[in-house]
Each structure stands twice: as structure tokens, then as C-alpha cells.
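Below is one structure; the comments refer to it alone.
The values are calculated or read from the model by the stated rules, or taken from the named source; none is laboratory data. Values in this document were obtained by computation on a predicted structure and should not be read as measured data. For neighbour counting, all protein chains shown are included, and Cβ atoms are generated from backbone atoms with ideal geometry for every residue, glycine included. Surface areas here come from the heavy atoms of the whole protein model, side chains and all, with no ligands, DNA or RNA. Shrake-Rupley method; radii C 1.70, N 1.55, O 1.52, S 1.80 Å.
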Amino acid sequence: NSEYDDRENRKVERLINTAKFRYKAFMEEIDFDSSRGVDKNLINRLEFCDFIKNKQNILVCGSTGVGKSFIATAIGYKACMMGYKVMYFNINKLFSKLKMAKADGSYIKEINKIE
């Protein structure tokens, strides 16, 4: 019914806002041009978010400008739409945040929050 849909839409919206993505990105928008070296089969498998169910991590790496942030954001958006909690970090900012947390004694709290 519409009340259920409305509740689900608000939940997804809340998950997306909490994730703190830098911009919107969707799996359907990923460019698989061969010059970028993006493995289409791998991306299609990641879309089901089985790695989350299996408690696995993914690292998106590659050369500058290949779309790592876009791919990570698209996967994160998909996970939010499936009801998963997501946190988006630039790795440098994450390490800085954890370093500061160690200094002020909130490291364990931050790790638990990320976990």
C-alpha cells in the first residue's frame, strides 16, 4: 500500500543522507568503455550486494579519472536502496579521522560506528 511505500522511501532517503555521499550515482550510469578497464561482470555481481551478506569488503582502486568514486557511490546507493546502512569515506579523510580519534580517545567508538 502507499503508506508502506512512503515509509520505505523515507527509510531509503534517510540511509542515503546518513551515508554522506558526495553526489548521486546509480549502477545504470556506470560507463563500461573499454578504455576505462572496468569489469562489467564484476560490477553486475556487486549490484546484488552479496558481499554485504557474506560480510566481505570491497576496495575500488585504479588510475586517476577511471571513476572509482562514482562506482563506489553507485554501489553504496544500491546498498541503501536494499536497506543496508552505508558510510562513504575518502580513504585519506577516513585515516585522518581515525588518527584524530586515537588522539582524543574515541577510536574504539569510531571503529564500532564504522563496523
Report task. Please go through region 21-30 and pick out each residue that is within 15 Å of the chain's Cα centre (by Cα) and either surrounded by fewer than 13 Cβ atoms within 10 Å (Cβ to Cβ) or not in a helix (DSSP H, G or I) (or both). Result -> PHE21, ARG22, TYR23, LYS24, ALA25, PHE26, ILE30
Report summary line: Flagged pairs (Cβ under 7 angstrom, 6 or more apart or on separate chains; first in region 31-52, open to solvent by less than 70 Å² (accessible area, probe 1.4 Å); second among the aromatic types (Phe, Trp, Tyr) and modelled with pLDDT of 95 or more) are CYS49/TYR84; ILE52/TYR84
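Name the residues in region 78-106 that are over 24 Å from GLN56 (Cβ atoms) and not charged (D, E, K, R), would you?
SER96, MET100, ALA101, ALA103, GLY105, SER106
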**Report entry** Selection status of ILE108, open to solvent by 70 Å² or more (accessible area, probe 1.4 Å), out of contact with any strand residue (DSSP E or B) (no Cβ under 9 Å at 6 or more places or on another chain) and within 30 Å of GLU29 (Cβ to Cβ)
**Finding:** no
Query raised in the report: Is it true that some residue in region 9-20 is within 14 Å of the chain's Cα centre (by Cα), basic (Lys, Arg) and not in a helix (DSSP H, G or I)?
Result: yes
Report summary line: Note on GLY62: of the conditions (1) in contact with a helix residue (DSSP H, G or I) (Cβ under 7 Å, 6 or more places away or on another chain); (2) modelled with pLDDT under 95; (3) open to solvent by 60 Å² or more (accessible area, probe 1.4 Å), unmet is (3)
Report task. May I ask you to verify whether LEU15 is of a type outside the set (Gly, Ala, Ser) and within 25 Å of LYS93 (Cα to Cα)? Result -> yes
